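Below you'll find the structure, written out as structure tokens, and then a few comments.
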Amino acid sequence: MVVLLIVVGLVVAGLQTLPIGTDPVPLPGSSTTPSPSSSTPTTNKSTGVGVPELTDSALYRQTLSGTCPKPVKTISSRSQYQQQVDDLIACLETLYRPVIDSAGGDFSTVSRTFYDKTVASPCGKETDAYAFYCETDNTMYFSNRVYEDAQYARLSVADVVVHEYGHHVQAMMNFFDESDGLDEKRTVTIRRIELQVFCWTYYVFAHVPSFELTGSDKEFFLDVWGDTTDAEGHGSVKAQQYWGPRGLDGENLGACNTWAVNADKVK
């Protein structure tokens, strides 16, 4: 078994078991404003990965419509936090079910598990993961640090939940199998996977009106885009500042097509 350690989870190359994680969201602070772009990357066989199921997926023509529960401004209890996670997951399943069906994917429900510092999953034992998704059991795992960080921003919890659910979307569209064994370094493929859901997170925030984005929320996004603790596995600040605004300004899910661009766009 060949494994690649990427700070927040073990990505098992060549197997169905693929836990994908997310970095902790940083505390709000000042950051450089990135230059947004709303255009959708188009397939270029000379620069993209050259796999139509990834570069030209019917998913990219889809848009999301519907509403989610409005996140509370301040989470004051663990039960309130867990309820918010459950409400968000239920909402995301409602939003994505018609999209996955229309795109020819295989829709499935997702489970969630809360844990303190260490958890065993079918994808392996995790001791340092902030949050991760395991395809084997269709489960999103959230460490206690997600709850502890909920105080930092109104969308702090939602940022993690929507990100991890994005990996479930990739699983339902069979992106993991299709991306296995591409003719590029595995770390590049992993960054394509991570930056795609990074981008989708802000597409969801911008296109689901019940999130009612505020100026403070957008400042929070800039802080997230301007910070990374795992550039090798999740993308550099430069990459985040490219894909974050694409999601926020994108017309459809294709705004986050990380498979049709040159590797330097996911570096």
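The set of residues in region 127-147 being modelled with pLDDT under 95 and of a type in the set (Asp, Glu) consists of 128 alone. Within the option set 243, 259, 225, being touching a Pro at 6+ places or on another chain (Cβ under 8 Å) and buried (at least 20 other Cβ atoms within 10 Å of the Cβ) holds for one residue only, 225. Report yes if residue 97 is free of Cβ contacts under 8 Å to residues at least 24 places away in the same chain, surrounded by fewer than 18 Cβ atoms within 10 Å (Cβ to Cβ) and farther than 28 Å from residue 148 by Cα, otherwise no. It is true that residue 97 is free of Cβ contacts under 8 Å to residues at least 24 places away in the same chain, surrounded by fewer than 18 Cβ atoms within 10 Å (Cβ to Cβ) and farther than 28 Å from residue 148 by Cα. Checking the structure you have, find out if any residue of region 158-180 is more than 16 Å from residue 62 (Cβ to Cβ) and outside any helix (DSSP H, G or I). Scanning region 158-180 turns up at least one residue that is more than 16 Å from residue 62 (Cβ to Cβ) and outside any helix (DSSP H, G or I).
The set of residues from region 171-204 being surrounded by 21 or more Cβ atoms within 10 Å (Cβ to Cβ) and aromatic (Phe, Trp, Tyr) comprises 175, 198, 200, 202, 203.
Does residue 59 meet the test of being within 11 Å of residue 260 (Cα to Cα) and in contact with a Ser or Thr (Cβ under 9 Å, 6 or more places away or on another chain)? No: the conditions fail for residue 59.
Considering only region 105-156, state which residues are of a type in the set (A, V, I, L, M, F, W, C), within 17 Å of the chain's Cα centre (by Cα) and assigned to a loop (DSSP other than H, G, I, E, B). 110, 129, 155 - these are the residues of region 105-156 that are of a type in the set (A, V, I, L, M, F, W, C), within 17 Å of the chain's Cα centre (by Cα) and assigned to a loop (DSSP other than H, G, I, E, B). Of 26, 19, all but one fail to be at pLDDT 50 or above, more than 17 Å from residue 200 (Cα to Cα), within 19 Å of the chain's Cα centre (by Cα) and not acidic (Asp, Glu); the exception is 19. Residue pairs whose Cβ atoms lie under 6 Å apart, separated by 6 or more positions or on different chains, with the first residue in region 152-166 and within 24 Å of residue 138 (Cα to Cα) and the second among the polar types (S, T, N, Q) and surrounded by fewer than 24 Cβ atoms within 10 Å (Cβ to Cβ), are 157/84. Filtered by the rule that a residue be among the acidic types (Asp, Glu) and either part of a helix (DSSP H, G or I) or without any contact (Cβ under 8 Å) to a residue 40 or more places away in the chain (or both), region 184-202 gives a lone residue, 194.
The values are calculated or read from the model by the stated rules, or taken from the named source; none is laboratory data. Since the structure is predicted, the reported quantities are computational estimates derived from the model, not experimental observations. Neighbour counts run over all protein chains shown; Cβ positions are idealised from the backbone, glycine included.
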